[in-house]
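Throughout, read-outs are computed from the coordinates displayed, never taken from laboratory work. As the structure is a computational prediction, the values presented were derived from the model and not from experiment. Here the Cβ positions follow ideal geometry from the backbone for every residue, glycine too, while neighbour counts run over all protein chains shown.
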Amino acid sequence: MTYSEAIAQARRTVDARGAPWSGIEPEAAARMRVQNRFPTGLDIARHTAGVMRRDMAAYDADPGAYTQSLGCWHGFVGQQKMIAIKKHFGTTKGRYLYLSGWMVAALRSEFGPLPDQSMHEKTAVPALVEELYTFLRQADAREIGDMLRAMDAAREAGDEMEAKRIEKAIDAHETHVVPIIADIDAGFGNAEATYLLAKKMIEAGACALQIENQVSDEKQCGHQDGKVTVPHEDFLAKVRACRYAFLELGVEDGVIVTRTDSLGAGLTKQIAVSGEPGDLGDRYNSFLDFEEVSPGEIGPNDVVMHRDGKIVRPRRLPSNLFQFREGTGEDRCVLDSIASLEAGADLLWIETEKPHVEQIAGMMDRIREVVPNAKLVYNNSPSFNWTLNFRQQVLDAWSDEGRDVSGYDRDRLMSQDYDATPLAAEADERIRTFQSDASRRAGVFHHLITLPTYHTAALSTDNLAREYFGEQGMLGYVAGVQRREIREGIACVKHQNMAGSDMGDDHKEYFAGEAALKAAGEDNTMNQFA
């Protein structure tokens, strides 16, 4: 709906109510409406699902058209990312937000900081989705509000041409409301629990849910030890639960991202049910660590199976978990991924222990032999030591090529002594092009960094504390923060405006007319930053 159409519709509504509504100004009502394109979370979910589907189709046509996101743990953080993206690149196209369960656990739980083990309140996840979109919608309202004030100024100056130009810009405004890929962990319980939580997340605005194949009550961070996977049918029931939640709420384009942790998970809690040789259960069980036994060797509480004409006993640990054979992780990832796609997943996530294009590509090549348009969401994780990994990769590549690497000590590659070397330069170039290389070679549609703002908050706070509480005193803040905000055009330097003060003044004028007590007078110190 255009600005002029919104005014006309509001006028018809107000006029139809007659005298009791005479105090309502149609253009003011229209302004509030155009500043809030998405009244509900479901409106957001439907819109952003369409955005993701179009981006997925664009990637299928051109693997260079990958998408990106950064993880966030507060609505303000997500808002500032999208404002910054529009400021620097002029568009939010291809840029999303990621909602990390790790950061919810570490930063948003009422229990205080928790490890990534699904111990936090699951209601905190949809609450954060809603919070993120509240801040993104406020970014829209603020930006459009500034345009409306500029249009009023043009009208007052008699410049109708400029007023019309601004009106067209309002109609063409690109929203800050972008897709959020939201982490639902392992579903926080059984399939019914997964369905109920999925509904809450979708109602809050999530168009994409990422779910992993670990056991809910044994859940671990994907980059820690002790991960336990579930048989495929258990996992796929939760995938279907997410799809039913999308369909029930009318978000037919909702996106499901299925994550496999099998590469680093050597354990399973249960043996899969199998109806016949070669089915999913049988294939899952085939990776177990067996030992052949005779009938006389079977203990009273042993679990035994009949495979390939032999009686075998899966290796069971004191924890009552069963162990997979070493070296089967990649094969299990491939099977997990194919099974998920064939059961209705839209995107894959393979959690790896290092960022290595050819490792990812090796698995994706096998998956794409079965599902040609398989696409991956890849975690560019802060859990990886990117500098060390890529310096090692370059060292190994140069060594294989027969180049002289005697000047490098593999055990000291993180040392600053190497920062100015050709090896470090080559490693940094590979890091710079990693996303593009992985998208073209390994089918990565979406790159994300799970925890970037956790680390940036810690780094910037450390720097400020060192300066402010040290010899620099107030100059530590002014030179390191405020002066940079002013010179780099960071909108938050006018923090009252960013928090909604000017929009509040607009509303006061709508509601109270000339009697409105507004904050943006000449004594407002924010005028110092004009």
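Computed values, structure above
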{"quantity": "Proximal charge balance of GLY480 [Cβ under 11 Å; K/R count +1, D/E count -1]", "calculated": "+1"}
{"quantity": "Kirkwood Rh (inverse of mean 1/r, distinct Cα pairs), the range 314-468, angstrom", "calculated": "18.4 Å"}
{"quantity": "Pairwise Cα inverse-distance average, inverted: Kirkwood Rh of the range 420-530 (Å)", "calculated": "18.8 Å"}
{"quantity": "Proxy reagent accessibility, fewest Cβ within 10 Å first, across PHE287, PHE76, PHE390", "calculated": "PHE76, PHE287, PHE390"}
{"quantity": "Neighbourhood charge, 11 Å Cβ-Cβ cut-off, centred on ALA374 and excluding it, Lys, Arg +1 and Asp, Glu -1", "calculated": "-2"}
{"quantity": "The range 319-398 shape via C-alpha gyration tensor axes, a/c threshold 1.5", "calculated": "oblate"}
{"quantity": "Cα gyration tensor shape of the range 1-139, rounded if a/c is under 1.5, else prolate or oblate by comparing a/b with b/c", "calculated": "oblate"}
{"quantity": "Separation of alpha-carbon centers, the range 65-120 and the range 323-344, rounded to whole Å", "calculated": "28 Å"}
{"quantity": "Interchain or long-range residues, amide H under 5 Å from SER69's placed H", "calculated": "TYR96, HIS447, LEU448, ILE449"}
{"quantity": "Residue order, fewest to most beta carbons within 10 Å, for ILE486, ILE44", "calculated": "ILE486, ILE44"}
{"quantity": "Local electrostatic count, GLN9, Cβ distance below 12 Å [Lys/Arg +1, Asp/Glu -1]", "calculated": "0"}
{"quantity": "Simple Cβ-charge dipole of the chain, Lys/Arg +1 and Asp/Glu -1, about Cα centre, in debye nearest 20", "calculated": "780 debye"}
{"quantity": "Karplus-derived 3J(HN,Hα), 6.51/-1.76/1.60, for each residue of the range 316-326, Hz, glycine and proline x", "calculated": "10, 8, x, 6, 6, 9, 9, 9, 8, 5, 4"}
{"quantity": "Ratio of the Cα radius of gyration of the range 60-217 to 2.2 N^0.38 Å, where N counts its residues", "calculated": "1.29"}
{"quantity": "Three-way shape label, the range 474-515, alpha-carbon gyration tensor, a/c 1.5", "calculated": "prolate"}
{"quantity": "Residues LYS310, LYS375, sorted so that the one with the fewest Cβ neighbours within 10 Å comes first", "calculated": "LYS310, LYS375"}
{"quantity": "Under 5 Å, built H, 5+ apart or other chain: amide partners of VAL228", "calculated": "VAL215, GLN220"}
{"quantity": "With Cα atoms, 0 to 90° folded angle of helix 232-248 axis to the chain main axis", "calculated": "20 degrees"}
{"quantity": "Hz values of 3J(HN,Hα) by residue in the range 384-398 - Karplus curve (6.51, -1.76, 1.60), Gly and Pro given as x", "calculated": "7, 7, 4, 4, 5, 4, 6, 5, 5, 5, 5, 4, 5, 5, 5"}
{"quantity": "Positive-pole candidate from GLY407, VAL357, SER319, dipole of the range 281-434, charges at beta carbon", "calculated": "SER319"}
{"quantity": "Rounded Å value of the spacing that divides the Cα centres of the range 454-497 and the range 251-314", "calculated": "55 Å"}
{"quantity": "Kirkwood hydrodynamic radius over Cα pairs of the range 441-480, then Stokes diffusion coefficient at 25 °C and 0.890 mPa s, in µm²/s", "calculated": "200 µm²/s"}
